[in-house]
Amino acid sequence: MKPISESTVTIIGLGLMGSSLAGALRGKCRKVVGVARRKETVNQAVSQGLIDAGTIDLEFGVQDADIVVLSTPVRTIIELVREIGPLLPESALLIDLGSTKEEIVENMSALPAHVQPLGGHPMCGKELSGIAAADPTLYRGKTFILVPLPRTAPEALDVGRELARTIGAVPLVLDDARRHDFLVATLSHLPYLLACALVQTADATTSEDPAAWEIVASGFRDTSRVAASAVDMMTDIILTNREEILGALQEYSSHLSELGRLVKNANEQELRQALSYAREKRMEMFP
């Protein structure tokens with residue numbers, strides 16, 4: 001397979017993640033091609049210097065591609081995987097940026113033999129969405145998870161690693177899509193739902209007081225930030241990782257209930273022990 005510097009990379013989907021990836025790759029590979037549903041989006045990507053060329057025609061966009069990146073909501077990725085295989089050139093690498101992996105990888109396993117499949121999930125993003133929020137530095141220093149299939153050639157995985165490093169990310173290989181979904185359910189998807197619940201709680205309890213949003217603290221802002229994430233994207237993520245997210249929610253609920261019991265009973269010693277344990281674990285996670 002060709003190195004990144006000699007590859008034509010086609011990115012399907014020019015929202016935040018796809019357009020940021022395009023900007024990070026442009027000038028570091030042979031050519032960056034963007035594919036979007038709307039001509040206006042393609043024109044904007046060209047005018048912002050994010051892509052070398054663009055089209056709304058999927059077949060035309062991938063016909064010369066060495067690497068094709070699917071950067072759309074998860075359920076659209078699944079549909080594209082089913083559709084795109086026969087359109088891809090010999091030995092093309094197909095990688096996705098979806099936040100869940102099991103369903104995507106399962107569908108990738110049915111791709112034609114001439115296509116090299118590789119699951120991908122960069123652990124980054126913003127609460128903003130769309131091409132207007134494009135940031136070529138978005139991936140810099142962030143973990144880029146790669147989930148190879150049993151049929152993925154070592155050379156294809158190497159190209160995936162090189163792609164991650166080219167945009168400044170740190171590749172991490174997880175061979176099990178289910179393991180990936182289990183981990184991100186707690187570490188990525190659960191925080192989004194907690195942020196939504198926090199915003200809903202504040203709205204239900206304090207929104208009628210005009211002073212509420214004047215005294216809101218940075219802790220609330222930081223904790224609730226991801227509640228502003230794109231709803232279409234997050235809905236797809238949740239519905240394609242339901243079982244793992246439900247398990248994480250159940251575990252979280254048990255810890256929240258226990259903290260509620262300690263507050264209700266006003267047992268200072270037990271409360272201090274629980275809070276100290278959480279503080280120590282947080283400091284271990286982020287020293």
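As for segment 79-89, it holds no residue that is surrounded by fewer than 24 Cβ atoms within 10 Å (Cβ to Cβ) and assigned to a strand (DSSP E or B).
Comparison of 141, 160, 130, 125 shows that the only residue that is within 30 Å of residue 253 (Cβ to Cβ) and not assigned by TED's automatic domain parsing to the domain that holds residue 243 is 125. If the condition is being of a type in the set (Ser, Thr, Tyr) and touching a residue at least 24 places away in the same chain (Cβ under 8 Å), then segment 53-71 contributes only 71. Summed over segment 213-250, residues that are exposed (fewer than 14 other Cβ atoms within 10 Å of the Cβ) and either among the aliphatic types (A, V, I, L, M) or in the same structural domain as residue 74 (by TED's automatic domain parsing) (or both) total 6. Checked against the criterion of being charged (D, E, K, R) and not in a helix (DSSP H, G or I), the candidates 222, 209 yield just one match: 209. Exactly one residue among 141, 125 is modelled with pLDDT of 95 or more, at positive phi and assigned to a loop (DSSP other than H, G, I, E, B), and that residue is 141. State yes or no: is residue 214 at pLDDT 95 or above and farther than 30 Å from residue 249 by Cα? No; evaluated as a whole, the condition is false for this residue.
Sub-6 Å Cβ pairs linking a first residue in segment 85-98 that is among the polar types (S, T, N, Q) to a second residue that is crowded, with 22+ Cβ neighbours inside 10 Å and at pLDDT below 95, at least 6 apart or interchain, number zero.
Taking segment 251-270 as the range and being of a type in the set (D, E, K, R), surrounded by fewer than 13 Cβ atoms within 10 Å (Cβ to Cβ) and over 20 Å from residue 194 (Cα atoms) as the test, the residues that pass are 264, 268. Pairs linking a residue in segment 102-130 that is farther than 19 Å from residue 87 by Cβ to a residue that is crowded, with 22+ Cβ neighbours inside 10 Å and acidic (Asp, Glu), with Cβ atoms under 7 Å and 6 or more positions apart or on different chains, are 102/181; 119/96; 120/96.
The values are calculated or read from the model by the stated rules, or taken from the named source; none is laboratory data. A quick note: this is a predicted structure, and the numbers were derived from the prediction, not measured. Counting neighbours? That spans all protein chains shown, and the Cβs are built from the backbone with ideal geometry, glycine included.
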